[in-house]
Amino acid sequence: ATLVGSATYGSQGKWNHHLPGEDLPREAQVIAALGHRAGDMGVPQPWAEAFFRAQIDASKTAQNELFEGWDVFRRGQFPEAPDLVTVTRPKLDRLTQQLLHALADNWPVLSDPKRRDDVLRAMRPMQAEELSTRAVAEAIAPLGR
């Protein structure tokens with residue numbers, strides 16, 4: 001949720017500099033590293049990799065929706081947009097680490113098939129839905145499996 005909700009924050013800098021919405025080599029590297037760390041923390045590596053892939057895909061969905069809207073309305077530059085390398089990525093890295101620890105701390109509940117409805121119900125009131133309902137659905141999909 002936090003990664004999806006941060007899509008606006010990171011997208012403004014990309015918009016200003018006409019950067020692509022995805023960086024596949026970086027994504028693969030991040031997902032592999034997170035999967036390995038999650039495995040060390042007791043979360044199965046394949047599950048963690050699928051979860052973080054869903055977070056990245058959901059963020060890209062939200063970002064693409066923003067770009068489409070900005071393009072339609074011929075949005076100019078964002079003068080206050082944070083720098084991608086020095087501000088946005090470090091913030092996203094911190095959020096990702098918090099999410100990784102939350103997954104590990106809650107793995108007993110997340111992995112219990114009897115608790116899936118509880119988990120999905122708890123995820124419904126996510127603030128990111130205001131940004132993109134479709135992106136939120138992508139982000140939480142692994143929790144229902």
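Tabulated values for the structure
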quantity	calculated
Anchor Lys14: lysines whose Cα lies under 18 Å away (excluding residues fewer than 8 positions away in-chain)	Lys60, Lys91
Leading residue at positive end of dipole, the chain (Cβ point charges), from Leu120, Gln29, Phe52	Leu120
Fully extended contour minus Cα-Cα distance, from Asp71 to Arg26, at 0.36 nm per residue	13.6 nm
Helix 45-72 vs. the chain, principal-axis angle (Cα, 0 to 90°, nearest 10)	20 degrees
Average accessible area per residue (Å²) across the chain - probe 1.4 Å, nucleic acids and ligands excluded	58 Å²
Acute angle (nearest 10 degrees) that the helix 7-17 long axis makes with the longest principal axis of the chain, alpha-carbon atoms	30 degrees
Highest-first arrangement of 133-139, 116-122, where packing means the average Cβ count within 10 Å	133-139, 116-122
Rounded percent of accessible protein surface that carbon and sulfur make up, the chain, 1.4 Å probe	55 percent
For the chain, size of Cβ-based charge dipole, Lys and Arg +1, Asp and Glu -1, in debye	140 debye
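The values are calculated or read from the model by the stated rules, or taken from the named source; none is laboratory data. Every value quoted in this text rests on a predicted model; they were computed, and no experiment measured them. When we count neighbours, we look across all protein chains shown, and the Cβ atoms used for this are built from the backbone with ideal geometry, even at glycine. Calculation scope for accessible area: heavy atoms of the full protein, side chains included, ligands and nucleic acids excluded. Shrake-Rupley method; radii C 1.70, N 1.55, O 1.52, S 1.80 Å.
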